Every structure is written in structure tokens, then in C-alpha cells.
There are 2 protein chains.
Amino acid sequence: MSEKKNIAIMGAGLVGSLLSLYLAKRGHKVDLYERRPDLRTTVVDGGRSINLALSDRGWRALKGIGIEEEVRKVAIPMRRRVMHDEQGNLTFQPYGKEGQAIYSVSRGGLNVALMNLSEPNPDITFHFSRQALDVNLRTNEVQLRNLETGESETVQPDLLFGADGAFSVVRGAMQKTERFNYEQHYLEYGYKELTIPATAAGGWAIEKNALHIWPRGNYMMIALPNLDGSFTCTLFFPYEGERSFASIKNGDDLLAFFKGVFPDAVPLMPGLVAEYFENPVGSLVTVKCFPWSFAGKSLLIGDASHAVVPFYGQGMNAGFEDITVLDQMLEAFEGDDWEGLFHRFERRRKPDADAIADLAVLNFIEMRDKVANPRFLLRKKVEGKISEQYPDRWIPLYSMVTFTDLPYSYALETGMKQEKIMKKVMKHINTLEDYDSPEVQQLLEKQLVQKEKLKPYRG
Amino acid sequence: MSEKKNIAIMGAGLVGSLLSLYLAKRGHKVDLYERRPDLRTTVVDGGRSINLALSDRGWRALKGIGIEEEVRKVAIPMRRRVMHDEQGNLTFQPYGKEGQAIYSVSRGGLNVALMNLSEPNPDITFHFSRQALDVNLRTNEVQLRNLETGESETVQPDLLFGADGAFSVVRGAMQKTERFNYEQHYLEYGYKELTIPATAAGGWAIEKNALHIWPRGNYMMIALPNLDGSFTCTLFFPYEGERSFASIKNGDDLLAFFKGVFPDAVPLMPGLVAEYFENPVGSLVTVKCFPWSFAGKSLLIGDASHAVVPFYGQGMNAGFEDITVLDQMLEAFEGDDWEGLFHRFERRRKPDADAIADLAVLNFIEMRDKVANPRFLLRKKVEGKISEQYPDRWIPLYSMVTFTDLPYSYALETGMKQEKIMKKVMKHINTLEDYDSPEVQQLLEKQLVQKEKLKPYRG
């Protein structure tokens, strides 16, 4: 067990709030500084996505601090993708095996739950409406402005955690240090949030336990269920071009477009026009950087070190997994070499952070385009059969990412090998029955057993 | 011809100074703001590389403004690589065909020459010791601090050019705008400049008209000739590891290391120990970003938009080529749509800037490792023969980059195709005589004539 520290966490979002619980558990004194006012007493217009998909990596981190059951009460399982075509016809794709699901949770609700769980802890103090202006990484002094009083203050913790998101101020300070590798890349797409309200009877207007997708080639809309019967829809759409945010100039343009391509959704969205023109367009950025720490005094965590686009539903889950991994390292940590600890942590997590960033961009193409293709859905079924027949040798990529704690980097690498095998297999498949043909069975035997291309993960 | 503008160029380095001449030629009024004092009256410790390799793209830009001959007087042709092995034995590799060379020029000398050529122009004004503090891209207001008087001033040009290098302040402002793509990546290597002074008789201690390389696998030293008989040596060396900047702690370490691996250089470097411990270690960064302009009011150029590592000797040449391309566009420019012009420029140059950045990193491996390999040198000779036999179909990659104005992106793509063909050819080559064997000749006929894999560039 190491010496107790005064720790400051910049950002009391999901990752910062959860991290405070883990650090306090190990006896440290934790102060959180959050730019926004207290979510629980002020209506905060986040500008961030309203709901999130919580999956196994996230659950594991919640469980690790004993709050899994508390959160499960407010989470809605989504067991399959429901695809809506341009005529309003539906097709379906289960997310995993029987019983597996991803969970729709409210970002704000989960954040409030985490704050409520941590605030009673005497070693955890929340400071709201504190904007970080500057960080001196050498001294660990943080200049803050109190946005309620206008006053400035300076804090100087022993350790500083930057859980301050994709536009992290702590990372901004690191970017000015020697040899800091950094990249930020934006998609040419933005997103806009819209609503399918609850029915008059207070129920869900479309299948509740599903993630809905309207895949349209180079753009798409999705919808996730909320506890109150509504769905939050998100339109992912090019900024520029023939069909784009730029091309929709008024309510008529919007309705003509929606009726043409999302006809079954329009009657469910009475506030469409007003919402569309009121809500901002969000941007979609990937951030990668290295290192994540400075001099054993500060460490980036979550989006601050690896912001990803939302198409794998893994942003929060990856941030929560950072905490699980850090906590495992703290379990074995003795002495006071935080610099060594932070270096081990960043080296361990960096390949996985890079992998989920790349997977998230790739999954956008799958969601907006491929899931509309019957051949793609057949392929997913064939892959399900392979996984049933060879459960020790084949977990589909989506399942590795979503339903296991295999490293993201292993999942990406294995997924690429599986992709090659699937291409060979699909040459022999016209219907699902062809799976049992000798050609397919011999091919799988050769690839999976004789060549042993896909060995189980061994750390 | 478009309306005359008040133009500010941030940075009066090589690219900024040359750009001022081109813009004034078109009738614009140009002010240059440079952080450093006037090079011509103050000894400036640059911390930047002392000499540079000027090649065809650079010459073209100098010629375009009529100052080629002026610069040629102070440039030393380097016609070949001279490799020094660990026993001091030499091998040679010509850079191009008979008469082709790259030119060693002094960064400071060239900069002074450019300033002296532009300053008499009444439309060009240099402002030295002006540090840019902040840029408001919306209003084009630039806050400057006069480092001599300590006073602040604000300028507001019609157009702002950011020629302010790899750590550009103008780019820093762009990075805070919406959806700006940006990356900075450092090599795990630094560099240190050292000197081989002139001989007592005032001559060059090693072959004058050559670029010298001491290739040592994962590190290397190079030397470029200066007009005064000296050579500037640059040691490219890992920051960390068994043989690295970190491992050399004192003069004994240094001399033991140099005598072991650069034995023929040590007697030529009497000031080695003092210089090594006085001179800083420079870092090696690649910067990529997009877009390069903002609202038709500001444009990045040269290193500010595309800093590259020095291993292809193309950093300055690429920046100068930016100016050639911009000037071609200005030649046809009418009206006042600078936003459109800047967009066309950035879209045209971005793929080439990316290509030379990647080529420069790849060439480090060639210089520090491959040139020590006899088989590699044989391959270069074979490639020379192919290029002689098929002059319209094969220009070696190095020559495309260095001795033509073919786009860097075309050179990179073609170079990769050539690489594949060379691998096939070299399977049949043990000595240079094998080039004339039927196997090789048939292979080349098939690849270059029948398949037409390498067609001439057609814009």
C-alpha cells in the first residue's frame, strides 16, 4: 500500500466521478473540479449525447466498486439492432448470444448516480463551476476560475488526473511539453439529436429493447430507448454535399428529406422541425496522444487521452476500463513511484485506446451502410454459426469488443484475421444451409484447426 | 489581376522572405513580422540546422523570381553520397545522373541573401523582434510584442500568411477553430550538430562535393560542406537506449563511443567534446494539418502547414515549391475570391505535403541503415541501368523527388510500384553483369512495356 495522496481530478463527468470512488477506496483524498454547475441542482444543456450504450467493460468497472446493481435499475437492455429501410420494413440482427445485450443509459442520470454515490464519502469533495484556466505541469499548480463568483484560485495537488474530456485542458498543457505526440481528426460528418416521444399511453412507440438504425449508405439515423418511453434519435449526416446539414435550409427541405428517406419515423416525431433547427450540430472527433502522463504528477484518463467517435458505443466503456486497469495496477502498487506506475499504465492502455479508436471509425461504415445489405446480415448469421461450432476459437469481433474484456488491440487484430477467413467462407455461401456443405466445413477445419490461425488470447 | 492587398507574413525565415518577393511582384504591400532580431546585425543562435540541401524544387522557386544565380554563388554542389564504414573505408553512391547534384547552402546565409534582395523593395517592410502573441482569425488582428521595447501592438492586415514554422502561432489559432485536423509526431531520435573544421591550409578535410554519411544501423552521422572549408556534422541518435544521448554522460563516454564507431571522423573533430556538451539536442517532428486556411483571410505555408523530418533534404524545397504553386495560381487569379483561391491551394498541396512527410521518415531508414549494405548499393546501380534503358518509364524515386517537379504524391506512389518491380528483378541479380541476362530483360519488358505499370505523369 502506498502513501496517501491529495489528488485532484479535473472533470466530474462519468470517468472523473467513477475514478473518485476508486481512489478514495484506496485511502486517498480526492477533490473534483468541474466546469459545469452541479447537474443535480441546475438544468445543464450538455451539448453532449443524451444516452449511451453501456456494455461489459463498463459494467465491470461499476461492479468493481459495488454499484453495478444500482445502475442496472436505470438501464434498458437492447438485445438487437432493428434496421428500418426506406419503405419502413424492418430487419433484425441480434447483438450477441441469447441473454447478451447492450444497455441504454442516460448520460446525465448515470452521472448523477455516480455523484450521489461518491459525495457522501468524506474523502471526496466536488467543486462545481470551476473552469481550469491553466496547468503548470512542473509544479502541479492548477489555476481555476470560479464561474459563480468570478474569483480565481490555485490548487496544487500531489497528483492530478485529467478526466476533462476530448478538449482536455490538462492535455493542452502536455501538448506544450517536449516531444508530445498528438493528433485530432474530425469526420466530415456531424450529428444532431432528435426525439421520438413516448406514446400517449406512456409506452415506447417502437420496439423498446433494441437499438434502431435507419441505414442510408453514407448517412444514418439511430434511436436509443429512454426510461420515460421516449427515444433519443441521432442523425449522423455529412456537413456538406447533396444531402447534408448544409443542404437543409428550412422546414420544407427537412420534411421532404425525412419523408423520403425515414418515412416510418416522421409520424413518430411531432417536434422534428422545431428540434432540428434548435439543436446544435455536434462534431465527431478522434483524439490520440502519447504520453498520457507527466513526471509522475499528472495522468490523462478517458476521453482526455483517447476520445473516440461513438459508433462502437465504447467511449464511456473504454474510459471505465481505464479505471479498472489502473485499479488493478494500484492493487499491486507499493512505495511511491507514481512515475513508474503512470508509465506502465499508459504503455499498457495505449495500444487498446488506438484500437478502439480505429474500430469506432470502421463501425460507422458498417452501421450506416452494410447493415442494410441482406448479404451482410447473412454473413453475420454464418459467423454466428462458426462461433457456435468453434466456441473456443471464434468470438465475433463485435462480441469481443462488447461482451468480453479481451484487449481491444487483440480484438482488432483477431477481427482482421476473421475477416479474411469470412471472405473465403462467403464464396461458398448462398443461403444459410450452405454452411453445412463439405466445402465450408473443410475450409473451416483447415483454417481454424489445422492452421490454428485464431488461438485463444494468452495475455 | 486582383485588387492590391495589405499582407502580413508571420515569420521572415526562408519561406516568408521568399514569399514576400513573390507577393510584392504582384503589387501587394507586404509586412513581415519576425520574432528574432535582424540576422544581419545580430548573431542569432538559431537552434536550427545550420546548412540545408537545396535541390530542383528550391532552385525553381528562386529562378521564378530571378535570384537563382545570386544564390548559386554561395551553394556547394554535392554530387554523391560518401559512406564511411566503421574501419574508415569509403563507398560511394551518385545522387543522380552526370551533372546532377544537390547543393549545400547555409540557412543563415540564404536567409540574409533573401532579405537583402527583398528589403530594397518599397512594398516590403521587415519588422524584427516581433513576437506574435495571439491571432484573431475572424478579424485578422494579430497581437505582437516588440521584444526590444516590451510594447504591444496590434496589426490587422487584409491577408495573413503564416510562414512561422513548425511551431506556428497562426496554426495554433487555427487549431482552436471547429473541425481542424491536426497531428504532431516526434521521432524517438534527436540530433546534435558538431563540426569538422577547415584544414590548416583552409581546405576541406574530406571530399568537398559530397554528402558524407556514417551509417550505423539505428543511428548515423552526416556531414555537409560549408564555404569556409568546414563541414557541419549532424549526429542523429536515439534519445534513450544502450547507445543514445542518455547513455553518453561525459567526455570519456563520448570519446570511447566516437572512436569505436566513427574512427576516421574523430581526428578531424578537435572540438568534439566541448561542442557535444555545449550544443542542444534538437527534436525531429512531423506536423500535418488541414485545412491550411481560414475564411479566405489567412493561409499557412511551408513548415507551418507541413513540417517534415530532414532526411530527404526537402523541408525548405517543399516550402519553396508551395510558393511556386501559389504563384502559378495567382497568375490566373482574377477578382477577389481569396477564400476559393486558398481552398484550391490547400487541396492541391495537401497530398504532396503528406507524401514528402512520409518519404522523409522512410529515407531515415535508408540513410542510417541500408546505405551500409553492399546489396543495397548494387540495387541502386541496377536501378540506374533500368532508368538508362527506359528513360521515359523509370525515374528512380530519389531523382523524382530531388531532380524533377513531379508531385511528391506521384513520386511516392510510383516509387512503391518500382519497389515491387525491383524486388522481382533483384532475385535474378548477383552482380551488375546479371542485368543483361535474359531473365532480367524479359522481366523488365513484361513489367514496363507489356503491363505498362509505370506510365509517365499526366497531371
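Every read-out reported here was derived from the displayed coordinates using simple, explicitly stated rules and does not represent laboratory data. In this text the structure is predicted, and so the values were computed from the model without any measurement. Reconstructed Cβ throughout: ideal geometry from the backbone, glycine too, with neighbour counts over all protein chains shown.
Quick notes on this one:
- Size-normalised alpha-carbon gyration radius of region B:250-353, reference 2.2 N^0.38 Å: 1.68
- 14 Å beta-carbon shell around B:F320, net charge (K/R +1, D/E -1): -3
- Over region A:373-450, relative contact order from alpha-carbon pairs under 8 Å, at least 6 apart, %: 28
- Amide H partners (placed H, <5 Å) of A:M78, local residues excluded: A:I102, A:Y103, A:S104
- Residue and distance (whole Å) for the chain B Cβ nearest the axis that superposes B on A: B:E183, 2
- Karplus-based coupling profile of region A:22-39, in residue order and whole Hz: 5, 6, 5, 4, 8, x, 7, 9, 10, 10, 10, 10, 10, 5, 7, x, 5, 3, with θ = phi - 60° in 6.51 cos²θ - 1.76 cosθ + 1.60 and x standing for Gly or Pro.
- Region A:275-383: trypsin sites (Lys or Arg not before Pro) in DSSP coil with no more than 11 other Cβ atoms inside 10 Å: none
- Global size of region A:357-459 as Cα Rg and Dmax, reported in angstrom: 13.6, 39
- Nearest-ten-degree value, helix B:408-426 long axis tilted from longest Cα axis of chain B: 10
- Exam field: A:A200 pseudo-label spacings to other copies (7 Å along Cα-Cβ), nanometres: 10.9
- Remark: chain B projects, on average over all directions, an area of 23.8 nm² (convex hull of Cα atoms).
- When both bridge partners sit in the protein assembly as shown, DSSP labels roughly 70% of those beta bridges antiparallel.
- Between identical copies, the spacing of A:S152 label points, each set 7 Å from Cα toward the C-beta atom, reads 1.3 nm from nearest to farthest.
- Compared with the dominant principal axis of the Cα atoms in chain B, helix B:315-331 is inclined by about 50°.
- Cα-based helix-to-principal-axis angle, A:107-118 vs chain A, degrees rounded to 10: 40
- A Cβ-based charge dipole, computed about the Cα centre of region A:1-118 with Lys and Arg at +1 and Asp and Glu at -1, lands at about 380 debye.
- Calculated mean residue ellipticity, 222 nm, chain B: -11000 deg cm²/dmol, from DSSP H runs (n ≥ 4) at -39500 (n - 2.57) each, averaged per residue and rounded to 500.
- DSSP beta bridge pairing in chain A, given as percent antiparallel to the nearest 5: 70
- Pairs exceeding a 28 Å alpha-carbon distance, out of A:K259/B:K176; A:K446/B:K451; A:K176/B:K350; A:K350/B:K427; A:K350/B:K176: A:K259/B:K176; A:K446/B:K451; A:K350/B:K427.
- Sorted shortest first, the distances from the A:F376 label point to those of the same residue in the other copies are 4.4 nm; each point sits 7 Å from Cα along Cα-to-Cβ.
- Spin-label proximity, A:R145 to region B:160-193 - amide N less than 19 Å from point 7 Å beyond Cα toward beta carbon: B:173, B:176-177
- For region A:1-103, GluC sites (Glu not before Pro) meeting the loop criterion (DSSP other than H, G, I, E, B) and having at most 14 other Cβ atoms within 10 Å: A:E3, A:E86, A:E98.
- Positive-end ranking of A:S437, A:I421, A:I386 along the dipole of region A:373-450, with charges on Cβ about the Cα centre, is headed by A:I421.
- Across region B:92-232, Cα-Cα pairs farther apart than 21 Å form 66% of the total.
- Qualifying GluC sites (Glu not before Pro) in region A:400-459, where qualification requires a DSSP coil assignment and no more than 16 other C-beta atoms within 10 Å, comprise A:E452.
- Region A:1-116 - share of DSSP beta bridges that are antiparallel (%, nearest 5): 70
- The local environment of A:Q87, defined by Cβ-Cβ distances under 15 Å, has a net charge of -1 under the rule Lys, Arg +1 and Asp, Glu -1.
- Largest to smallest principal axis extent of the C-alpha atoms in the protein assembly as shown, angstrom: 97, 75, 66
- Nearby lysines by direct alpha-carbon distance to A:K5 (threshold 18 angstrom, same-chain neighbours under 8 apart not counted): A:K25, A:K29, A:K297
- Rel. contact order, % - alpha carbon contacts under 8 angstrom, at least six apart, chain B: 18
- Region A:369-433-region B:167-199 distance, computed between alpha-carbon centres (Å): 43
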